[in-house]
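The values are calculated or read from the model by the stated rules, or taken from the named source; none is laboratory data. Keep in mind that what you see is a predicted model, and the values were worked out from it rather than measured. Quick reminder, even Gly has a Cβ in these numbers, built from the backbone with ideal geometry, and neighbours come from all protein chains shown.
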Amino acid sequence: MLAVGVLVLVGRRVHEVFFGAARFDRRLGDAILAHLRAGELESARMLATGGGPGWEARLGRAAIDAHDRGVDVGAMVDEVMTDLRFQAGAGLRSLRVLASIASASGLMGASVEYVWLMNGDHGLAGLMAGRPEEMATARGILAVAIGFSVMIVALSARTQLGREGRALLTRARKTAEALDRWGQRLEDRAQVAEIVEESTSDDGTDQVAD
């Protein structure tokens with residue numbers, strides 16, 4: 001059952017990292033940013049919506065939503081990044097705990113076989129010289145082998161998934177910073193336009209007064 005639990009957890013994390021988070025699609029974030037910088041908001045929105053649970057798609061949707069609502073783009077993107085940082089490490093601690101339990105279970109299984117050999121009821125096997133020792137040794141080795149195999153799988157998966165999660169997070173962080181800069185440029189342009197409008201309005205008022 002422990003091995004099944006490890007496989008289920010690893011399979012879920014592999015799906016989340018390599019498929020759900022769009023680990024292999026490195027072009028999505030760049031395409032969304034290119035459309036935003038070109039002022040093609042609807043094209044960027046379509047890409048971000050079509051990206052589903054992909055991390056860069058989520059960041060793009062947050063930035064576009066912030067723009068539509070007239071709120072700070074950087075703040076909305078930071079909220080998504082907080083969730084992504086948690087997701088990048090999700091399940092890694094559980095894999096480490098399962099690895100520890102697996103190794104301990106293997107050693108415990110070997111200990112149980114040793115106790116059985118020393119004090120247990122060997123039944124008909126006790127009538128054969130050396131048969132209880134063979135049975136206990138074989139079952140003890142099997143228990144240790146299974147426990148340590150599960151441990152190796154869990155720790156190897158934890159290492160690989162942690163590496164891929166950090167790579168995803170690094171790429172998402174770069175996209176988030178670029179989206180934040182895009183939002184800042186939009187705010188700067190809006191402020192300049194407001195200043196120009198106020199200046200034009202003041203000049204028109206002065207001319208009417210003259």
| said: On the basis of being touching a residue at least 12 places away in the same chain (Cβ under 8 Å) and more than 30 Å from MET151 (Cβ to Cβ), does MET46 make the cut? | reply: no
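Can you work out which of the residues in segment 26-43 that are in contact (Cβ under 8 Å) with a residue 24 or more places away in the chain and surrounded by fewer than 16 Cβ atoms within 10 Å (Cβ to Cβ) is nearest to VAL153 (Cα to Cα)?
ARG26
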| said: Just to be sure I understand the filter: pairs with C-beta atoms under 7 Å, separated by 6 or more residues or on different chains, first member in segment 54-72 and free of Cβ contacts under 8 Å to residues at least 40 places away in the same chain, second member surrounded by fewer than 20 Cβ atoms within 10 Å (Cβ to Cβ) and not in a helix (DSSP H, G or I). Which pairs pass? | reply: GLY54/ASP25
| Would a scan of segment 44-55 turn up a residue that is of a type in the set (Phe, Trp, Tyr) and part of a helix (DSSP H, G or I)? | yes
| task | Pull up segment 150-173, narrow it to residues that are surrounded by 14 or more Cβ atoms within 10 Å (Cβ to Cβ) and of a type outside the set (A, V, I, L, M), then point me to the one that is nearest to GLY51 (Cα to Cα). | result | ARG171
| query | If you check ASP83 against the conditions, is it modelled with pLDDT of 90 or more, under 21 Å from the mean Cα position of the chain (by Cα), among the acidic types (Asp, Glu) and under 30 Å from PHE18 (Cα atoms)? | reply | yes
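Yes/no per residue for (1) acidic (Asp, Glu); (2) at pLDDT below 85; (3) outside any helix (DSSP H, G or I):
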{"site": "ALA102", "(1), (2), (3)": "no, no, no"}
{"site": "LEU107", "(1), (2), (3)": "no, no, no"}
{"site": "MET118", "(1), (2), (3)": "no, yes, no"}
{"site": "ALA136", "(1), (2), (3)": "no, yes, no"}
{"site": "GLY165", "(1), (2), (3)": "no, no, no"}
{"site": "ARG185", "(1), (2), (3)": "no, no, no"}
{"site": "ALA190", "(1), (2), (3)": "no, yes, no"}
{"site": "ASP206", "(1), (2), (3)": "yes, yes, no"}
| note | Checking THR159, THR200 in turn, the sole residue that is over 24 Å from VAL73 (Cα atoms), more than 31 Å from the chain's Cα centre (by Cα), hydroxyl-bearing (Ser, Thr, Tyr) and modelled with pLDDT of 65 or more turns out to be THR200
| query | Can you name the number of the only condition in (1) surrounded by 12 or more Cβ atoms within 10 Å (Cβ to Cβ); (2) over 22 Å from LEU28 (Cα atoms); (3) β-branched (Val, Ile, Thr) that VAL97 fails? | reply | (1)
| said: Against the definition (modelled with pLDDT of 85 or more and more than 18 Å from ALA176 (Cβ to Cβ)), how does GLU16 come out, yes or no? | reply: no
